[in-house]
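First the structure, in the form of structure tokens, and then the observations on it.
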Amino acid sequence: AQSVTQPDIHITVSEGASLELRCNYSYGATPYLFWYVQSPGQGLQLLLKYFSGDTLVQGIKGFEAEFKRSQSSFNLRKPSVHWSDAAEYFCAVGVTNAGKSTFGDGTTLTVKP
Amino acid sequence: KAGVTQTPRYLIKTRGQQVTLSCSPISGHRSVSWYQQTPGQGLQFLFEYFSETQRNKGNFPGRFSGRQFSNSRSEMNVSTLELGDSALYLCASSRSGDGANVLTFGAGSRLTVL
């Protein structure tokens, strides 16, 4: 079965600083990978996805993620964080014909002024 | 287009009661998945419905059940509520439920069990 690990429970960065959120997955084949963001009291919103092809994918709100097969990683990055980026971020893996996605435990991002 | 709509948004129940939550997917989406989100356990998959059939089920007791109607709307029911059932219940829809599909989430139904 597939699994997702987000090693960092909580990250604090200063506004304007760069950000990297880590995600490692476990799956035998190439998975479908997603990053979602959740603001307090809200559902999850898709930031970006990776299915195949270029291993660097661009998403909304200036986020990007890089798929590294050798490291089973799909880390999320942003060059300059804004206060509005404070939220919880979830990495997820989807498997074709499985009918569901498996989520990591999430990383809470705090942005210092 | 309209997003995924979940009702009610907030509800309070007491132990032993039962609750029904509703989810209206995006038009054209035939798959509806349900997740339970708690601070301690994170996002846990409950079940997934496609064309009125439950295709996948997570590791939850039989007190948790669901169904899907012909218009793809879905309901989930929790019977004999326990304190530990307090959670945010999220519904997500997708076109076919294939793992490659992006999930579109509703805002959730926050259940508090007293």
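Quick notes on this structure:
- Members of the stretch A:35-64 that are away from chain B (no Cβ under 12 Å), outside any helix (DSSP H, G or I) and at pLDDT 95 or above: A:Leu56, A:Val57, A:Gln58, A:Phe63, A:Glu64
- Within the stretch B:70-97, the residues that satisfy the criterion of being in contact with an Asp or Glu (Cβ under 8 Å, 6 or more places away or on another chain) and either more than 11 Å from B:Ser109 (Cβ to Cβ) or surrounded by fewer than 23 Cβ atoms within 10 Å (Cβ to Cβ) (or both) are B:Ser70, B:Gly97.
- Scope the stretch B:84-114; condition at the interface with another protein chain (Cβ under 9 Å from one of its Cβ atoms) and closer than 20 Å to B:Val19 by Cα; matching residues: B:Leu88, B:Leu90, B:Cys91, B:Ala92, B:Gly106, B:Ala107, B:Gly108, B:Arg110
- Flag if A:Phe67 is over 25 Å from B:Ala107 (Cα atoms) and either part of a strand (DSSP E or B) or touching a residue at least 12 places away in the same chain (Cβ under 8 Å) (or both): yes
- Being of a type outside the set (A, V, I, L, M), under 24 Å from B:Cys91 (Cβ atoms), touching a residue at least 40 places away in the same chain (Cβ under 8 Å) and more than 11 Å from chain B (Cβ to nearest Cβ) holds for only one residue in A:Tyr89, A:Tyr32, and it is A:Tyr89.
- Taken over the stretch B:98-114, the criterion of being surrounded by 15 or more Cβ atoms within 10 Å (Cβ to Cβ), of a type outside the set (Gly, Ala, Ser) and at pLDDT 95 or above is satisfied by B:Arg110, B:Leu111, B:Val113.
- Condition check for A:Phe74: in contact (Cβ under 8 Å) with a residue 40 or more places away in the chain, part of a strand (DSSP E or B) and within 20 Å of B:Gln36 (Cα to Cα): no
- The residues of the stretch A:73-86 that are surrounded by fewer than 17 Cβ atoms within 10 Å (Cβ to Cβ) and either within 14 Å of chain B (Cβ to nearest Cβ) or within 12 Å of A:Trp35 (Cβ to Cβ) (or both) amount to a single one, A:Arg77.
- Unique residue being at pLDDT below 95 and within 14 Å of chain B (Cβ to nearest Cβ) when the list is A:Thr107, A:Thr96: A:Thr96
The values are calculated or read from the model by the stated rules, or taken from the named source; none is laboratory data. Quantities reported herein were computed from a predicted structural model and do not represent experimental measurements. Cβ sites come from the backbone with ideal geometry, for glycine too, and all protein chains shown count toward neighbours.
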